[in-house]
1. Tell me, please, whether a residue that is aliphatic (A, V, I, L, M) and within 17 Å of PHE12 (Cβ to Cβ) can be found in the range 42-50.
2. Take ARG26 and tell me if it is within 12 Å of the chain's Cα centre (by Cα), of a type in the set (D, E, K, R) and surrounded by fewer than 19 Cβ atoms within 10 Å (Cβ to Cβ).
3. For residues that are touching a helix residue (DSSP H, G or I) at 6+ places or on another chain (Cβ under 7 Å) and among the small types (Gly, Ala, Ser), scanning just the range 50-79, find the one that is modelled with the lowest pLDDT.
4. Which residue is farthest from GLY39 (Cα to Cα), if the candidates are limited to the range 52-95 and must be basic (Lys, Arg) and under 14 Å from the mean Cα position of the chain (by Cα)?
5. What are the pairs with Cβ atoms under 9 angstrom where one residue, in the range 13-24, is part of a helix (DSSP H, G or I) and the other, located anywhere, is exposed (fewer than 11 other Cβ atoms within 10 Å of the Cβ) and among the β-branched types (Val, Ile, Thr)? Sequence gap at least six, or different chains.
6. How many residues are surrounded by 14 or more Cβ atoms within 10 Å (Cβ to Cβ) and free of Cβ contacts under 8 Å to residues at least 40 places away in the same chain when one looks only at the range 31-43?
7. Which of the residues that make up the range 50-75 are in contact with an Asp or Glu (Cβ under 7 Å, 6 or more places away or on another chain) and either surrounded by fewer than 22 Cβ atoms within 10 Å (Cβ to Cβ) or in contact (Cβ under 8 Å) with a residue 60 or more places away in the chain (or both)?
Amino acid sequence: MQLIIFKEVDVFAESFQKPTRAKWLRNITLLTQYGDNLGMPHARRLTSNLSELRIRGTQEIRAFYACIGDKVFIVHAFIKKTQKIPKREIEIAEKRLQLLT
């Protein structure tokens, strides 16, 4: 699968600590290999067209992505500080996803 990362996500990923960056790259590799078939603990479905990539560690990172055809679009990422995903973060990801269609 082809991976397309939004510029905002790419800039955000550069700020990760070194161990988190290694986990990010590992999960990105798994995502390109398995696409929508990637499951827990690495990924989880959020809505009908949006999923989350889960990077665990000292920095809890969540990246929202969508698989469209043979492409994976990573549209948003953030540092998770609470147990529940903030609604605002999902709304940002859905707005960016709408730009693709």
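1. No, the range 42-50 has no match at all.
2. Judged against the criteria, ARG26 is not a match.
3. GLY57
4. Among them, the one singled out is LYS80.
5. Short answer, once both residue conditions are applied: PRO19/THR58; THR20/THR58.
6. Residues that pass the stated criteria total 6.
7. Those that are in contact with an Asp or Glu (Cβ under 7 Å, 6 or more places away or on another chain) and either surrounded by fewer than 22 Cβ atoms within 10 Å (Cβ to Cβ) or in contact (Cβ under 8 Å) with a residue 60 or more places away in the chain (or both): LEU50, ARG62, CYS67.
The values are calculated or read from the model by the stated rules, or taken from the named source; none is laboratory data. Predicted model only: the values in this text are computed from it and were never measured. When we count neighbours, we look across all protein chains shown, and the Cβ atoms used for this are built from the backbone with ideal geometry, even at glycine.
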